[in-house]
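First the structure, in the form of structure tokens, and then the observations on it.
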Amino acid sequence: GDPLHSTKAFKARPAHSASSTFPEVVIIKHFFPRHLVIQAKITNSAPSIDGRTLGDVAFVVAESSEEAIQTTVQVPLKALPFRSTGSAWCLLAAAPQRMDGTAILACELRYTVVAVDTTTGAPLNFSGGMATSGMGRTYVEELEDMDVHAGHFLA
């Protein structure tokens, strides 16, 4: 069904100094009675990327301060070409009645910078949409913590 409500989009910020490849990330939280869906809209536009594709782009909730909110499914972007935008998703099961008020979610953005053929734009050594080891540099960027309140799950 439809969400109870969704937050306004806000820009995700790195917890520390980000790498020069850090893409623009905008977060929207969609609240359902027993679930939280986090949509990370990612734009591959960092100047240092120089036309390269981002592979296996995942928004990850690495840790939750509340057992009442836990990750169940992650839907990464297999490939995000330069100057394009796509969404990675993270689904969390929630038991708001068991929350002690506010949950703190430690979040990360994980991705691989993949070289591309400059004439076709196709990723080099990219099989079936999955970057394999040695095919690019993988980054794990810690994002600022995200708060979730039990009241968010009320209609």
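The values are calculated or read from the model by the stated rules, or taken from the named source; none is laboratory data. Keep in mind it's a predicted model, so treat the numbers as computed, not measured. Note: ideal-geometry Cβ built from the backbone for every residue, glycine included; neighbour counts use all protein chains shown. Only protein heavy atoms, including side chains, enter the accessible area calculation; ligands, DNA and RNA are left aside. Shrake-Rupley method; radii C 1.70, N 1.55, O 1.52, S 1.80 Å.
Scan the strands (runs of 3 or more DSSP E) fully inside the range 12-89 and keep the ones with 1 or more residues being closer than 13 Å to residue 143 by Cα.
Fully inside the range 12-89 and qualifying: 24-32, 35-43, 53-64.
Considering only the range 12-33, I want to know if a residue exists there that is out of contact with any helix residue (DSSP H, G or I) (no Cβ under 7 Å at 6 or more places or on another chain), among the acidic types (Asp, Glu), open to solvent by 30 Å² or more (accessible area, probe 1.4 Å) and closer than 16 Å to residue 152 by Cα.
No.
Has the range 113-130 got at least one residue that is farther than 27 Å from residue 13 by Cα and modelled with pLDDT of 75 or more?
Checked against the condition, which is being farther than 27 Å from residue 13 by Cα and modelled with pLDDT of 75 or more, the range 113-130 yields no hits at all.
Are any of the residues in the range 94-112 of a type in the set (S, T, N, Q) and buried (at least 16 other Cβ atoms within 10 Å of the Cβ)?
Yes, because at least one residue in the range 94-112 is of a type in the set (S, T, N, Q) and buried (at least 16 other Cβ atoms within 10 Å of the Cβ).
Residues 9, 88: which one is buried (at least 16 other Cβ atoms within 10 Å of the Cβ) and within 30 Å of residue 116 (Cβ to Cβ)?
Exactly one of 9, 88 is buried (at least 16 other Cβ atoms within 10 Å of the Cβ) and within 30 Å of residue 116 (Cβ to Cβ), namely 88.
For the range 50-57, does any single residue satisfy the condition of being in contact (Cβ under 8 Å) with a residue 24 or more places away in the chain, buried (at least 17 other Cβ atoms within 10 Å of the Cβ) and at positive phi?
Taking every residue of the range 50-57 in turn, at least one turns out to be in contact (Cβ under 8 Å) with a residue 24 or more places away in the chain, buried (at least 17 other Cβ atoms within 10 Å of the Cβ) and at positive phi.
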